[in-house]
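Every number here is computed from the coordinates shown, using simple stated rules; none is lab data. Quick caveat, the model's predicted, so the values are computed rather than measured. Every residue, glycine as well, gets a Cβ built from its backbone with ideal geometry; the counts of neighbours run over all protein chains shown.
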């Protein structure tokens, strides 16, 4: 069910009037936000705007920022920084995972190397013993 909801979150299903009603702002304000690049709703073949759940979540954030006095340009900057922060957090999580894997690989290589050194020493000892037996 969650996969279905996640797949649907980006699907444009709401008309501009429904999106306006759900967000508590007028359709003209929605159009303004689109013109200013804050929202990019999907369009039908006929050009009708269709807002997704993701668009509505973004719109709630826009309304929240506007409500505390942030102007449209500032909202755009904040949304851009928030999106960048999400990407950086994702990159950081991936890099931490990669680092842990590499540390584990390094530990395994150290262990393998120590085993090879011990085996080499053992073989060198056996070889020396064999040479000594031949020489006696």
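Restricting 67, 135, 80 to those that are more than 28 Å from the chain's Cα centre (by Cα) and closer than 30 Å to residue 17 by Cα reduces the list to 67. With respect to the conditions (1) under 19 Å from residue 37 (Cβ atoms); (2) exposed (fewer than 10 other Cβ atoms within 10 Å of the Cβ), residue 132 falls short on a single one, namely (1).
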